[in-house]
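Here is the structure we will look at.
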Amino acid sequence: MAKSLGSKNVGLLRLVEERSLNKKIEEEKKHKREKQVPYLHKDCIANILVRLPLDSLQRSRFVCKPWYNIIKNPKFIDAHLHRSESVLIFLSPFPNESLYPFSMASVPKDMPNTVSVELNLLHPKPIPIFNHTTINAPRFSVQFLEFKNDKSKRGEYSLSCSGNIRATCNGLILLDNKLKNGGLVVMNPVTRKLIALPLGTLSRPHDESYGFALIDSTGEYKVVHLFRDELRYVSCEILSLRTKAWREVNGPSFGFFNRFVDGPISAIGGLHWIPQVDRSEYVVSIEVDKEKFHQIPLPRSSRTHDRIVEMGGALGLVVHEDVNHIDIWILKGFYGEVWTKYHSITVGSIIDMVPLFSLRIKGDIIFKRDEDGSFYVYDFQHQDMRKVEMVEGCIPRSSATYLPHVNSLVSWMEVNLDMCD
């Protein structure tokens, strides 16, 4: 009995010694590897990671915990946002699909990883593929167009929805919520994080307009809803993502709006609308932080194919002076500023070219022709208008509605950047 117990003690001692030796060997190997790999300060690593395209950055989160912590830092996300080029986001109908009930099991076979916005709202946690939730609504794929070197390439989010995209801001999109209770959805299509917002005042589809903006000084996101009431007055309500509740505010003066033509443009701390299709002499603007409306006279009357766009933070007006001549004016603020002529395009312009947006980084303006839906880019550096080549098989519908957007990791959650290390 004593001999058996002694043998067990010897075996246990040998096991402890072997484990201790193995641990020591592993520590020596780790120390040797660390000596071979040069030490890089986290600021240096962040400076490298911030230059990666978004898809590479997403994968880099899982390399190691220090990289994950860097990439999820709000200061890093903000820095990456300011280096990211703008795109056009749009909805594309699924092939051979129309109005019909769909469920998780109805995802197309060639798009197995597609996530439904509506089903994600109903079931935030993973659910069995044989769930019986159905939604009677047409379904669209959320996609984007990126422009580079006079070529346009179509990108996918592997995301489907039934509601229209109402507005965009900093990589977030504002969607109609097509579930029974209605309302809106704010979502980042890259991270797929979303939040449901309550239903506002009901209005006819063509008698309302939504804007979505960030107040830089507070980090607060606001949704602005303009709608024509039963007396034909244009009223306004605003929802802060802090409170998730609608508040009525004083709307624009009577007669400011003839009709809601396009969605508003976000620039110089406000949202801006052209109030009629042709011969508009002013824009209607709201300072988002003060929630105050203004009527800003235009330097030239806006015609059918003219638009306002955001240009480097300023408000830009792109007007066709004649068949082959386009002038670009900019306004840098609400107070103490006047419109100044920024540039004239005298080569390659066509009367039906509609300006869609200005590239955030390069600054070029993207146009779309009404006649055939083709895209053109005006290069300010070379003062040249060139047709954009569409990558084969990636041409979206000419009738698609495009909104300026930027792919980012931004969240609507309030974060004080000064507190982030």
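Overview of results
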{"quantity": "Enumeration of residues in region 210-227 that are small (Gly, Ala, Ser) and open to solvent by less than 10 Å² (accessible area, probe 1.4 Å)", "calculated": "Gly211, Ala213"}
{"quantity": "Considering residues of region 359-379 that are part of a loop (DSSP other than H, G, I, E, B) and at pLDDT 95 or above only, the residue farthest from Arg83 (Cα to Cα)", "calculated": "Asp364"}
{"quantity": "Selected residue (only one of Val283, Val277, Val261 is assigned to a strand (DSSP E or B) and farther than 19 Å from Leu172 by Cα)", "calculated": "Val283"}
{"quantity": "Residue check, Asp327 modelled with pLDDT under 95, touching an Asp or Glu at 6+ places or on another chain (Cβ under 7 Å) and open to solvent by less than 40 Å² (accessible area, probe 1.4 Å)", "calculated": "no"}
{"quantity": "Residue within region 335-354 that is under 28 Å from Leu175 (Cβ atoms) and either modelled with pLDDT of 95 or more or open to solvent by less than 50 Å² (accessible area, probe 1.4 Å) (or both) present", "calculated": "yes"}
{"quantity": "Hits in region 153-201 - residues which are farther than 30 Å from Tyr376 by Cβ, touching a residue at least 12 places away in the same chain (Cβ under 8 Å) and open to solvent by 70 Å² or more (accessible area, probe 1.4 Å)", "calculated": "Lys178, Asn181, Arg192, Lys193, Leu199"}
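Residue-by-condition table, conditions (1) buried (at least 19 other Cβ atoms within 10 Å of the Cβ); (2) among the polar types (S, T, N, Q); (3) within 28 Å of Asp327 (Cβ to Cβ); (4) modelled with pLDDT under 95:
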{"residue": "Asp229", "(1), (2), (3), (4)": "no, no, no, yes"}
{"residue": "Arg232", "(1), (2), (3), (4)": "no, no, no, yes"}
{"residue": "Ser253", "(1), (2), (3), (4)": "no, yes, no, yes"}
{"residue": "Ile286", "(1), (2), (3), (4)": "yes, no, yes, no"}
{"residue": "Pro299", "(1), (2), (3), (4)": "no, no, yes, no"}
{"residue": "Met311", "(1), (2), (3), (4)": "yes, no, yes, no"}
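The values are calculated or read from the model by the stated rules, or taken from the named source; none is laboratory data. Remember, predicted model here, so these are calculated numbers, not experimental data. Cβ atoms come from the backbone with ideal geometry, glycine included; neighbour counts cover every protein chain shown. Heads up: the accessible areas ignore ligands, DNA and RNA and are worked out on the full protein's heavy atoms, side chains in. Shrake-Rupley method; radii C 1.70, N 1.55, O 1.52, S 1.80 Å.
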